[in-house]
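Taking it in order: structure first as structure tokens, then the write-up.
Derivation of every value follows stated rules applied to the coordinates shown; laboratory data play no part. No experiment lies behind these values; they were computed from the predicted model shown. Here the Cβ positions follow ideal geometry from the backbone for every residue, glycine too, while neighbour counts run over all protein chains shown.
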Amino acid sequence: MLLSSSQRAKLRGLANTMPVVLYIGKDGINDATIKEVYDLLNAKELIKCAVQRNAPLSAKEACEIICEKQGAVPVQVIGSKFIIYRRNEKEPKIEI
């Protein structure tokens, strides 16, 4: 799934006020992290994540790995935070 620049801008605007719902720490990305991302994306479609200082990955690397494993689309990566989106086909919550 690819997003146009206007779709990406809309998602960035929605995520601007969202709290971080997933932190990636010193253990990096493991099976439990992937499961949590799956559950969060099914529930919310759009999530904001953060990579802590002691993590072995950068935010860009973590975003790429998670998006690849979950079929999600990166919306934005800034500093240690990133936003990802995956449409819930059964019950869509965000119209873009």
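Can you pull out the trypsin sites (Lys or Arg not before Pro) in the stretch 1-48 whose DSSP state is coil and whose Cβ has at most 11 other Cβ atoms within 10 Å?
In loop regions of the stretch 1-48 (DSSP not H, G, I, E or B), the sparsely surrounded trypsin sites (Lys or Arg not before Pro) are Lys26.
Testing the spin-label approximation: label points 7 Å from Cα along Cα→Cβ at Ile94 and Ile65. State their distance in nm.
About 2.3 nm separates the two model spin labels.
Helix 59-70 versus the longest principal axis of the chain: what angle, 0 to 90°, nearest 10, using Cα atoms?
Roughly 60 degrees between the two axes.
Can you work out the FRET efficiency for the pair Asp31 and Leu3, with r the C-beta to C-beta distance and R0 = 30 Å, to the nearest 0.05?
0.65
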